[in-house]
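Take a look at the structure below.
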Amino acid sequence: MPASPTPSTLDSTAQLGELVRMVRKEQGLTQLDVAGLAGMSNRFVIDLERGKETLQMQKVLDVLSLLGLEVVIRKKS
């Protein structure tokens with residue numbers, strides 16, 4: 001089983017895309033695998049990993065959940 005990613009602070013959609021790509025590859029999944037499991041197009045997964053800024057939030061959250069990731073919101077210190 002791959003190691004869990006360490007907590008990350010992200011400041012851009014590009015960083016989120018990089019994290020998604022890293023976790024997907026660690027899990028041995030292709031973009032097509034993720035798209036199929038999430039019930040969405042391969043184009044969406046490609047756009048997410050490229051850091052596209054205008055993606056539907058719920059779909060992004062669905063992919064993160066599928067990969068075992070969660071979003072935690074906290075006030076900056």
Between the modelled labels at SER12 and ASN42 (7 Å from Cα along Cα→Cβ) the distance in nm is 2.7 nm
With +1 on the Cβ of every Lys and Arg and -1 on the Cβ of every Asp and Glu, the dipole magnitude of the chain about its Cα centre, in debye rounded to the nearest 20, is 160 debye
So, with points 7 Å from each Cα along the Cβ direction, the SER65-ARG21 label distance in nm works out to 2.6 nm
Note: the chain at 4 °C, 1.567 mPa s; Kirkwood Rh on alpha carbon pairs; Stokes-Einstein D in µm²/s works out to 101 µm²/s
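Each value in this text was obtained by applying a stated rule to the coordinates, not by laboratory testing. The structure presented is a predicted model; accordingly, all values stated were derived computationally and were not measured. Methodologically, a virtual Cβ is constructed for each residue, glycine included, from the backbone with ideal geometry; neighbour enumeration extends over all protein chains shown.
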